[in-house]
Amino acid sequence: MIQINTGEESQKSGIMPDKVNSFFNFCKKDLKLNIQGLMCIPPYGEDPSIHFAYLRKKNLEFKLPYLSMGMSEDYEKAITFGATHIRVGTAIFGERP
């Protein structure tokens, strides 16, 4: 999967949105990587809908089978935007010390 830094946050990893198309093409054509999906972690405290909608749009554009988005606090919303993978560690294991 390719992680997209949809919130353009300096403390997070991932490709910036304006570089996604060229990076995807580089990975597929030049490196011959088998990209299967996209992932993102929206900014904390912000409505994730715009980020999930963007990721879904790019995933459909690239015709990829997997979409990893949504964490313990927003996974239900992520599912409505088509998430195939969610990360719910806090809901299962509790807050980190």
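The values are calculated or read from the model by the stated rules, or taken from the named source; none is laboratory data. Because the structure is predicted, anything quoted here is derived from the model rather than measured. Ideal geometry is used to build each Cβ from the backbone, glycine not excepted, and the neighbour counts take in all protein chains shown.
Considering only residues in the range 52-76 that are more than 10 Å from the chain's Cα centre (by Cα) and at pLDDT below 95, the one that is nearest to ILE41 (Cα to Cα) turns out to be MET71. Taken over the range 5-62, the residue count meeting the criterion of being crowded, with 18+ Cβ neighbours inside 10 Å and among the hydroxyl-bearing types (Ser, Thr, Tyr) is 2.
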